[in-house]
Amino acid sequence: MTKEQFVLELQKIGAIKFGSFTLKSGLVSPFYFDLRDMISFPEILEGVADLLAERIKDMDFDVLTGIPYTALPIASLVASKLKKPLVYMRKEEKAYGTGKNIIGKFEKGAKCLVIDDLITTGASKIETAEAYEKEGVIIKDFVVVIDRSSNGKEDLAKKGYELHSLINLDEIMKLLQSMNLISDEKVNEVREFTASISKPVDEKKEITNPLTKKLMSKIKEKKSNLVLSLDVTTQKEFFEILDEVSSEIVMLKTHVDILDDYDENFVPKLQEYSRKYDFIIFEDRKFADIGNTVKHQYRNGVYKICDWAEFVTVHMVAGEGILKGLFDGTENRSSFVLARMSSKGNLINETYSRKCFEVARKYPNVISGFIGHGNSVEDIKRFKAKFPIGMLLLTPGVKLERGTDAMGQQYITVEDAIQGGADCIIVGRGIIKAEDRKKEAKIYRERAWEEYEKMNI
Ligand code: 5BU
């Protein structure tokens, strides 16, 4: 089978689609290649395996892998044709940060060639390579069936990987055009989309949420990205600490329900502090129930959170109805969605994080961004790269040194968080357990601000 015949076969089985498709990266594309059904067409599968085998037979590798699910059956056929060992990595997504296992036999230091069906941005290839590298496998080459990216080859090259492809988007469009299988208009639409992927977007223009704007301008005014998590159990201690550190912080995060002596004086006093020291109030309530229940949890009960907290945290596990329950009828209230957690073994995975981004894209007026964490600067960068435009990242689990606590909290450093793209760091015990809390808060603020300024030059 020639490349051209292969493309026409794909067209016949409906693997080349035109319309409006949300990609893994969050981009909305006017076309989509879906090679998943190819396994049910033995001639096409055989054909593509022959083309790939021919392409890679002289490359230097010890084992071969395909990225599940689509590319794995293809890779296994290629491996069999070339008499090369096959390995693969589990697809089940574990909470990020935990090691994934490779199935199959390989020596530490083995060179592995990776086959995948498509490349759009290169981000998931880099993730794959890093996951394999963690297990002692060396990755140099990626071979994809279709290259639909605008600069995937360059992006992978920057990370030290080489991209090879059987066929690229332009070739496919030209072929379909020459056979009158696609209109000139559609071809232009596809080209424009591909070109737009690589264009930088002016983020500032896109922010409409007034509270996001307020937080961003306060960060600049106060030269502070520091959110204090004031997790203490008496009002006395609460306000003592605020007296010491308020001038360093841009926002105060509360867990109001952990106060033993909460009474009606608490909120007015907190609001007075907020006005005097110019910080925003953020209740980390982590709403997670159905719309009707959170509606009351937010407005009623003892704490009446809606009356005094400009931001709250929300788990998206119950679905987007939670946002209607919380915010219908409110003004000047917004939220941060938990898109990743800092605690060890938490059950959030990449699919869940992505779903949070999808919801946020629909509700930018009541979602200002996400709470998120990561195990390295690169990991956080990749996470933030998928955010809808204009959304902020607040990172908890931050201390001056990396470490853990006895109950599964994982700490990264101030520098890790900000270099990864955090707009604010959330710090609790790093400050409140320090001997000199004022001095410590100043250190956190200065370190974060210094990094933040470097990032935003
Ligand atoms: P610490 O003392 O700096 O560990 O406190 C961290 C705070 O951030 C604490 O109030 C947590 O409830 C909160 N937090 C977190 O640590 N990790 C998360 O993933 C989320 C919130 Br969401």
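The values are calculated or read from the model by the stated rules, or taken from the named source; none is laboratory data. This structure is a prediction, so every number in the text was calculated from the model and none was measured. Heads up, the Cβs are rebuilt from the backbone with ideal geometry, glycines too, and the neighbour counts pull from every protein chain shown. For accessibility, only protein heavy atoms count, side chains too; no ligands or nucleic acids. Shrake-Rupley method; radii C 1.70, N 1.55, O 1.52, S 1.80 Å.
To keep it simple, each residue is scored yes or no on (1) in contact (Cβ under 8 Å) with a residue 24 or more places away in the chain; (2) more than 15 Å from residue 309 (Cβ to Cβ); (3) charged (D, E, K, R).
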position: 172; (1), (2), (3): yes, yes, no
position: 187; (1), (2), (3): no, yes, no
position: 195; (1), (2), (3): yes, yes, no
position: 206; (1), (2), (3): yes, yes, yes
position: 242; (1), (2), (3): yes, yes, no
position: 267; (1), (2), (3): yes, no, no
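Could you check region 148-176 and list, in sequence order, the residues that are under 23 Å from the mean Cα position of the chain (by Cα) and either closer than 19 Å to residue 76 by Cα or of a type outside the set (A, V, I, L, M, F, W, C) (or both)?
Result: 148, 149, 150, 151, 152, 153, 154, 155, 158, 159, 160, 161.
Give the residues of region 284-330 that are among the basic types (Lys, Arg) and under 22 Å from residue 264 (Cβ atoms), sorted by residue number.
Listed by number, the residues that qualify are 285, 299, 304.
Residues in region 142-149: is at least one in contact (Cβ under 8 Å) with a residue 12 or more places away in the chain and surrounded by fewer than 19 Cβ atoms within 10 Å (Cβ to Cβ)?
Taking every residue of region 142-149 in turn, none turns out to be in contact (Cβ under 8 Å) with a residue 12 or more places away in the chain and surrounded by fewer than 19 Cβ atoms within 10 Å (Cβ to Cβ).
Among the residues of region 389-408, write down those that are near the ligand (Cβ under 9 Å from one of its atoms) and closer than 20 Å to residue 378 by Cα.
Within region 389-408, 394, 395, 396, 397, 398, 399 meet the criteria.
Restricted to region 260-294, and to residues that are within 16 Å of the ligand (Cβ to nearest atom) and surrounded by fewer than 18 Cβ atoms within 10 Å (Cβ to Cβ), which residue is nearest to residue 338 (Cα to Cα)?
286
Restricted to region 409-428, and to residues that are open to solvent by less than 30 Å² (accessible area, probe 1.4 Å), away from the ligand (no atom under 12 Å from the Cβ) and in a helix (DSSP H, G or I), which residue is farthest from residue 444 (Cα to Cα)?
The selected residue is 420.
So residue 317 ticks every box in (1) open to solvent by 60 Å² or more (accessible area, probe 1.4 Å); (2) modelled with pLDDT of 95 or more; (3) away from the ligand (no atom under 16 Å from the Cβ) but one. Which box is left unticked?
Failed condition: (3).
Report every pair of residues separated by at least 6 positions or lying on different chains whose Cβ atoms are under 6 Å apart, first residue within region 390-406 and open to solvent by less than 10 Å² (accessible area, probe 1.4 Å), second among the basic types (Lys, Arg).
393/384
Can you tell me which condition residue 249 does not meet? The list is (1) within 16 Å of the ligand (Cβ to nearest atom); (2) more than 33 Å from the chain's Cα centre (by Cα); (3) closer than 27 Å to residue 423 by Cα, and all the others hold.
Only one criterion is unmet by residue 249, namely (2).
I'd like to know if region 371-387 contains one or more residues that are within 13 Å of the ligand (Cβ to nearest atom) and in a strand (DSSP E or B).
yes
Which one of these is of a type in the set (Val, Ile, Thr), modelled with pLDDT of 95 or more and open to solvent by less than 20 Å² (accessible area, probe 1.4 Å): 227, 187?
Just a single option satisfies the conditions, and that option is 227.
Can you name the residue in region 14-70 that is β-branched (Val, Ile, Thr) and within 23 Å of the chain's Cα centre (by Cα) and is also nearest to residue 150 (Cα to Cα) among such residues?
For region 14-70, the residue satisfying everything is 28.
Within the bounds of region 22-31, is there any residue that is assigned by TED's automatic domain parsing to the domain that holds residue 80, open to solvent by 80 Å² or more (accessible area, probe 1.4 Å) and part of a helix (DSSP H, G or I)?
There is no residue in region 22-31 that is assigned by TED's automatic domain parsing to the domain that holds residue 80, open to solvent by 80 Å² or more (accessible area, probe 1.4 Å) and part of a helix (DSSP H, G or I).
So, in region 429-453, exactly how many residues are away from the ligand (no atom under 15 Å from the Cβ) and either over 30 Å from the mean Cα position of the chain (by Cα) or among the aromatic types (Phe, Trp, Tyr) (or both)?
Number of matching residues: 6.
Considering every residue within region 353-369, establish whether at least one is in a strand (DSSP E or B), of a type in the set (A, V, I, L, M, F, W, C), open to solvent by less than 30 Å² (accessible area, probe 1.4 Å) and at pLDDT 95 or above.
yes
Say whether the condition of being over 23 Å from residue 157 (Cβ atoms) and free of Cβ contacts under 8 Å to residues at least 24 places away in the same chain is met by at least one residue in region 49-71.
Within region 49-71 (the criterion being over 23 Å from residue 157 (Cβ atoms) and free of Cβ contacts under 8 Å to residues at least 24 places away in the same chain), the answer is yes, since at least one residue qualifies.
Which of the residues belonging to region 47-58 are in a helix (DSSP H, G or I) and open to solvent by 80 Å² or more (accessible area, probe 1.4 Å)?
Hits for region 47-58 are 54, 55.
Across region 334-352, what is the total count of residues that are closer than 26 Å to residue 280 by Cα and surrounded by fewer than 20 Cβ atoms within 10 Å (Cβ to Cβ)?
Counting residues in region 334-352 that are closer than 26 Å to residue 280 by Cα and surrounded by fewer than 20 Cβ atoms within 10 Å (Cβ to Cβ) gives 1.
Just checking, how many residues over region 131-183 are assigned to a loop (DSSP other than H, G, I, E, B), in contact with a Leu (Cβ under 6 Å, 6 or more places away or on another chain) and under 17 Å from residue 89 (Cα atoms)?
Residues in region 131-183 being assigned to a loop (DSSP other than H, G, I, E, B), in contact with a Leu (Cβ under 6 Å, 6 or more places away or on another chain) and under 17 Å from residue 89 (Cα atoms): 0 in total.
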